[in-house]
Amino acid sequence: MEVISIFDIFKIGVGPSSSHTLGPWRAAQNFSSSLGNLNFDKIEIRLYGSLSKTGKGHAAGKAVQLGLLDYDPETIPTDKIHDILEELKSKRKITIQNNTFSFDAEKHIVFTNKKKPGHPNTIKFKVYLKRKLIKETTYYSVGGGFVTQKGKKQKNNIKKIPFPIQNGSELKNHIEKSSLSISEIIWANETALRPKKEVKEKIELLFSTMKNTILNGVTIGGVLPGGLNVVRRSKVLFESLSKTPVKTWEDLEIAIYSKTWDFNEINQWVSCFAMAVNEENAAMGRIVTAPTNGAAGVIPSVLLYYYFFCKHQFENDIERFFLVAGEIASLFKKGATLSAAMGGCQAEIGVSSAMAAGALTNVMGGTYEQVLMASEIAMEHHLGLTCDPIGGLVQIPCIERNTMGAIKAITASNLALSFDPANSKVDLDTVIKTMWDTAKSMDSRYKETAEGGLAFNISVTLPEC
């Protein structure tokens, strides 16, 4: 059975897209490292399918270059990305594994319209020596930053976990047989994969990164890059809610805790948090994939809704939130997809909303049945959601869509906490299957191809990336 850690779901990286930026970046890193001591004097990269059709807007070409240069998306100084790429462009040379040769991104990174079998997000790397092809590798960016290599059998995690989980029914059976809570089950699995201290530290780092992303988002104004001239709004929304100057996270906490907020204001705070994350994502800032970059604002905004506006019921509530949210995402990955190119935006915003709804229900004291019910409700009302970003940029409708996913998650949690799950007619496994059925039936024009929906009906002319 496939073993997916919550840290496979939550990845620290760079925007704007997990499948179109982070995936190609990781593929380029992997290919570069596979070259070893091989001698070559030319490299060519070809992107197919959705990667080709919307890759420029998603900065796929930039990501490939950074990956080939062996920069890591978790640690690269995001404020240096522009300078790094400009230097490479001006030199017109690249060094990969001690081989230095001519390189022109516009010439050697090809966005092709030719159909490529295997996956909608396909990327192929070729290296040559004296015009002779000496190595070729194809990768598939399968969503959420996950990458697979064509022809290479994926290694299963050799470590055994105490509670193997393929679907919601198996999770439920483990809980009932062990008498452990849902978060205790997931904790047991995670600590079988790595030391307890490391699990705690990694969760703390995820939360810290999310807080930094939001802090940047609410303090930076201006226009987002890419050519759509989308004005950043989270800073404006923050300043309409609070007049307290903010430079640090502690300042932000003081600003929020300084008064009691009504329902409408809390709703605005949730939207502010979600937009802050996805504006940073659109600007190639550092974010946490949750479960994708385009949907990265839902989890932190719902988590901060709980953090600031709900009563903390458990000492380790932040930890519980990440554990449950990550496990729910893994169920969707195993039973359906996390890729908008495969399943539309229901696979991104829909999954993130289901993750947040279940996690929120757990920290609010809900039973495991209510947790699964909340996740089901959230996804049920995202079924069929298309992916049609204008200009291939993760901006319109993506940024606002994160606010919708967050509010739906909170509503789904409230409904689940208010009713008896025994009376529910739809379970989580059924809605995951339905989502996958819907994904397979969805017209390809609405799967991140810019051939339908808003992307087709809104005419824009963007500068070359």
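With the simple model of a label 7 Å out from the Cα in the direction of the Cβ, residue 33 to residue 253 spans 3.6 nm. Each of 148, 213 has some number of other Cβ atoms within 10 Å of its Cβ, and from fewest to most they run 148, 213.
Under a model in which nothing but the beta-carbon of Lys, Arg (+1) and Asp, Glu (-1) is charged, the stretch 213-271 shows a dipole of about 240 debye around its Cα centre.
Positive end of the dipole of the chain (Cβ unit charges, origin at the Cα centre): among 137, 162, 27, the Cα lying farthest that way belongs to 137. Working from label points 7 Å from Cα in the Cα-to-Cβ sense, the residue 383 to residue 312 distance is 3.9 nm.
Taking the average, over residues, of other Cβ atoms within 10 Å as the packing measure, peptides 129-139, 434-444 rank 434-444, 129-139 from highest down. If the segment from residue 198 to residue 131 were pulled out straight at 0.36 nm per residue, it would be longer than the present Cα-Cα gap by 19.4 nm. Note on residue 184 and residue 244: the extension gain reaches 17.6 nm, defined as 0.36 nm multiplied by sequence separation minus the Cα-Cα distance. Only one residue of 54, 214, 362 has its Cα farthest out toward the positive end of the dipole of the chain, where Lys and Arg carry +1 and Asp and Glu -1 on Cβ, and that residue is 54.
Computed from backbone phi with θ = phi - 60° and the Karplus coefficients 6.51, -1.76 and 1.60, the 3J(HN,Hα) list for the stretch 344-353 is x, 6, 4, 7, 10, 4, x, 5, 4, 5 Hz; x is used for glycine and proline.
Put simply, the amide H of residue 41, placed in the peptide plane, has neighbours under 5 Å in 128, 129, 130, leaving out anything fewer than 5 places away on its chain. Here the Kirkwood formula puts the hydrodynamic radius of the stretch 15-149 at 14.7 Å, using every distinct Cα pair.
Between residue 91 and residue 74, the simple label model (points 7 Å from Cα in the Cβ direction) yields a spacing of 2.5 nm.
Residue-wise HN-Hα couplings along the stretch 44-54, as the Karplus relation 6.51 cos²θ - 1.76 cosθ + 1.60 with θ = phi - 60° gives them from phi, are 9, 10, 10, 10, 10, x, 4, 4, 6, 5, 10 Hz; Gly and Pro carry x. When shorter helices are ignored and each DSSP H run of at least 4 residues is given -39500 (n - 2.57), the per-residue value for the chain at 222 nm works out to -15500 deg cm²/dmol.
At q = 0.13, 0.17, 0.24 Å⁻¹ the log10 of I(q)/I(0) for the stretch 258-321 amounts to -0.40, -0.65, -1.01, computed by Debye summation with a single uniform scatterer per C-alpha, solvent ignored. Among 379, 404, 355, the order by Cβ neighbours within 10 angstrom, fewest to most, reads 404, 379, 355.
Taking the beta-carbon count within 10 Å as an exposure proxy, list 319, 201 from fewest neighbours to most. Walk me through the intermediate numbers first.
Working: 319 19, 201 12.
Lowest count first: 201, 319.
Note on the chain: antiparallel DSSP beta bridges, both residues inside, total approximately 90 percent of the bridges counted. 3J(HN,Hα) along the stretch 167-173, derived from phi through the Karplus expression 6.51 cos²θ - 1.76 cosθ + 1.60 where θ = phi - 60°, amounts to 7, x, 5, 5, 4, 4, 5 Hz, with x in place of Gly and Pro. The orientation-averaged projected area of the convex hull spanned by the Cα atoms of the chain comes to 22.0 nm². In straight-distance terms, cross-link reach from residue 259 covers every one of the lysines whose alpha-carbon lies under 20 Å from its own, apart from those fewer than eight places away in the same chain; here that gives 235, 243, 247, 311. The magnitude of the dipole of the chain, with charges of +1 and -1 set on the Cβ of Lys/Arg and Asp/Glu and taken from the Cα centre, is near 2180 debye.
The numbers here are math on the coordinates, done by the rules we state, and not lab data. Computed from a predicted structure; not experimentally measured. Cβ: placed from backbone, ideal geometry, glycine included. Neighbour counts: every protein chain shown.
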